[in-house]
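Enquirer: Before I ask anything, let me first share the structure, which is written out below as structure tokens.
The values are calculated or read from the model by the stated rules, or taken from the named source; none is laboratory data. Quick caveat: nothing in here was measured; it's all calculated off a predicted structure. We place every Cβ from the backbone using ideal geometry, glycine too, and count neighbours over all the protein chains shown.
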Amino acid sequence: MKKGLLISIFSLLILIIIGSVIIYFSSTSPIKRGEETAVERAKAETDLTEVNSIEWFHYLDKYYVITGKNDNGEKIHVWVPEDDKKEVLVKNAKEGLSEEEVIHIIQNGLDDFSSEKRPKKIISIKLGMVEDAPAYEITYKDRKNRHSILYLDFYNGDWYRVYNL
């Protein structure tokens, strides 16, 4: 009796693990395929030669943002829209703010930003596209411990909007 119960529990655990693995791979495979397609398109339409990182971004439209190097060895960012009808945008990294400059702006700048909306802990910073303009998305915990998202202009650090969850 105990042996049968142990075998049943063990079998159930194995099935749960296998099911979890299948669900994980089936849910992440479209993003992986999208990343591969975005890199192929970026290499075909721009002078991207080396890929250092790729991020998926979704605001109003979906983008894959690729950071890499061009054929001159310069660091570039490439915004590849998931919609094939939209154009790929490529910018030299020097044209916009660096992550360090973004951190400095959100910690020391933003004069017209209320104190309770200021970051207490930065969770992540990534590039994206807001209303057809390159932007940074900063995810953070604010002074009221709310999970918040702030969008800053890629070029000058002006903020678009803040969402507090």
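Enquirer: State whether one or more residues within the stretch 91-104 are among the charged types (D, E, K, R) and either in contact with a Phe, Trp or Tyr (Cβ under 6 Å, 6 or more places away or on another chain) or farther than 15 Å from Phe154 by Cβ (or both).
Expert: Checked the stretch 91-104: no residue is among the charged types (D, E, K, R) and either in contact with a Phe, Trp or Tyr (Cβ under 6 Å, 6 or more places away or on another chain) or farther than 15 Å from Phe154 by Cβ (or both).
Every residue, every condition in (1) surrounded by 11 or more Cβ atoms within 10 Å (Cβ to Cβ); (2) within 17 Å of the chain's Cα centre (by Cα); (3) not small (Gly, Ala, Ser), yes or no:
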| residue | (1), (2), (3) |
| --- | --- |
| Gly4 | no, no, no |
| Ile17 | no, no, yes |
| Val21 | no, no, yes |
| Glu36 | yes, yes, yes |
| Asp61 | yes, yes, yes |
| Ile66 | yes, yes, yes |
| Asn92 | yes, no, yes |
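Per-residue answers, yes or no, for (1) surrounded by 13 or more Cβ atoms within 10 Å (Cβ to Cβ); (2) at pLDDT 90 or above; (3) among the polar types (S, T, N, Q); (4) more than 17 Å from Ala42 (Cβ to Cβ):
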position	(1), (2), (3), (4)
Glu74	no, yes, no, no
Pro81	yes, yes, no, no
Gln107	no, no, yes, yes
Ala135	yes, yes, no, yes
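Enquirer: Could you tell me how many of the residues in the stretch 109-132 are surrounded by fewer than 11 Cβ atoms within 10 Å (Cβ to Cβ), at pLDDT below 85 and charged (D, E, K, R)?
Expert: 2
Enquirer: Another question, then. Any residue in the stretch 153-160 that is modelled with pLDDT of 90 or more and surrounded by 15 or more Cβ atoms within 10 Å (Cβ to Cβ)?
Expert: Checking the stretch 153-160: at least one residue is modelled with pLDDT of 90 or more and surrounded by 15 or more Cβ atoms within 10 Å (Cβ to Cβ).
Enquirer: Could you tell me whether Gly68 is at pLDDT 90 or above and touching an Asp or Glu at 6+ places or on another chain (Cβ under 6 Å)?
Expert: Yes.
Enquirer: Criterion first (free of Cβ contacts under 8 Å to residues at least 40 places away in the same chain and within 17 Å of the chain's Cα centre (by Cα)) does Asn72 satisfy it?
Expert: Numbers: free of Cβ contacts under 8 Å to residues at least 40 places away in the same chain: yes; within 17 Å of the chain's Cα centre (by Cα): no.
No.
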